[in-house]
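The values are calculated or read from the model by the stated rules, or taken from the named source; none is laboratory data. Because the structure is predicted, anything quoted here is derived from the model rather than measured. Every residue, glycine as well, gets a Cβ built from its backbone with ideal geometry; the counts of neighbours run over all protein chains shown. Surface accessibility is based on the protein's heavy atoms, side chains included, excluding ligands, DNA and RNA. Shrake-Rupley method; radii C 1.70, N 1.55, O 1.52, S 1.80 Å.
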Amino acid sequence: MAASPNPAAPAIEPALPPTLRRNAPLVPTDSAASRSLAAVIAILTFLAALCAGAAEIVASSAEQWQGAVAQEVTIQVRPGPGRDIDADIARAEALAKAEPGIRATRVFSKAEAERLLEPWLGSGLDLSDLPVPRLITLKLGDTPAPDLKHLRAALGEALPGVASLDDHALWQQRLSTMATTFVGAGIGIVTLVLIATGLAVAFATRGAMAGNREVVEVLHFVGADDDYIARAFQRRFFGLGLRGGAIGAGLALAVFALAGLVARAWRSGPAGDEIEALFGAFHIGWRGYASVLLIGVIASIVTGIVSRLTVRRFLA
């Protein structure tokens, strides 16, 4: 007599794919593809944040340079045959001190003027026979504003062909042009990186759609519309973008903080002085921190928007 089957034995359910199990997300975020996309977004965000921070450092350094240059002008006194260079320097300095708005004057000695030529001519040369011009630097006050046109005219009248005034306008224009160019290049690089992020998200979204085609068909069968499916993909990819953007922005902030610590450690040496003179203390300021964080947020938003648009186009 055959044994009857045990009615109390539990029924064995067939194993379902992970995407079809109960409460399974439409777009898994813990898969290898999702982790790879988050890593790509983190790397691209890191590079974009570095460019933005570097542009901010250059812009702030250029502002400091321009501020320092704008507070100082130079009188150049050229030696000539039959002229007493020391008397010409004293005359030019007296005219400068008589001008309202000149806070202080400093006369460069002959040795100091010759040392200024060492970067171009080298050291150890005998420049005594060369007509090396002498310089007088003038510190400008805020109030009253000095009338540089009047001082230039007075120097031309008292010492024609000998003394000339340089207000460093050319250097300020070059500094402004250099800073604007660098900032523009940084903005362009950040834009390209964000475009690359969008393209990577578009490819990843199409791959996820292709891998979940059966799930999408089932959702359509039970009445889900395209907007519901697009929102599901947008939420998942926005989470990936937020994770990658946060990691990339955090790494960029850590790099700038570490660079600031290294710069402060090197500040005691000559190399540190030169680095600080060129780039400051590697402090990007609140604008730099805000731009780095903003890039992380923009990367997340771009990820969500691109994924939604890609899904809608794929389902169309």
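Summary of computed values
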read-out	value
Some residue of the stretch 99-120 being within 21 Å of GLY67 (Cα to Cα), modelled with pLDDT under 80 and open to solvent by 80 Å² or more (accessible area, probe 1.4 Å)	no
Residue check for ILE247: open to solvent by 60 Å² or more (accessible area, probe 1.4 Å), of a type in the set (A, V, I, L, M), in a helix (DSSP H, G or I) and touching a Cys at 6+ places or on another chain (Cβ under 8 Å)	no
Sole residue being aliphatic (A, V, I, L, M), modelled with pLDDT under 80 and in the same structural domain as ALA224 (by TED's automatic domain parsing), chosen from ILE295, ILE305, ILE284, ILE301	ILE284
Qualifying residue in the stretch 124-142 (condition: touching an Asp or Glu at 6+ places or on another chain (Cβ under 9 Å), surrounded by fewer than 17 Cβ atoms within 10 Å (Cβ to Cβ) and among the acidic types (Asp, Glu))	no
Counted residues, the stretch 75-97 - those being at negative phi and without any contact (Cβ under 8 Å) to a residue 40 or more places away in the chain	7
Helices (runs of 4 or more DSSP H) wholly inside the stretch 119-237 that include at least 3 residues being in contact with a strand residue (DSSP E or B) (Cβ under 9 Å, 6 or more places away or on another chain) and either farther than 30 Å from ILE89 by Cβ or aliphatic (A, V, I, L, M) (or both)	148-158
First in the stretch 142-158 and free of Cβ contacts under 8 Å to residues at least 60 places away in the same chain, second anywhere and open to solvent by less than 80 Å² (accessible area, probe 1.4 Å) and assigned to a helix (DSSP H, G or I), Cβ under 8 Å, 6 or more apart	LEU151/LEU95; LEU151/ALA96; ALA154/LEU95
Close pairs (8 angstrom Cβ cut-off, 6 or more residues apart or separate chains): in contact (Cβ under 8 Å) with a residue 40 or more places away in the chain in the stretch 229-251, among the charged types (D, E, K, R) and surrounded by fewer than 22 Cβ atoms within 10 Å (Cβ to Cβ) anywhere	ALA230/ARG308; ALA230/ARG312; ARG231/ARG308; PHE233/ARG308; GLN234/ARG308
Any hit, the stretch 130-151, residues being of a type in the set (Gly, Ala, Ser) and either modelled with pLDDT of 80 or more or assigned by TED's automatic domain parsing to the domain that holds ARG287 (or both)	no
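Every residue, every condition in (1) part of a helix (DSSP H, G or I); (2) of a type in the set (Val, Ile, Thr), yes or no:
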position: ILE43; (1), (2): yes, yes
position: ALA49; (1), (2): yes, no
position: ALA59; (1), (2): yes, no
position: ALA62; (1), (2): yes, no
position: GLY80; (1), (2): no, no
position: ILE89; (1), (2): yes, yes
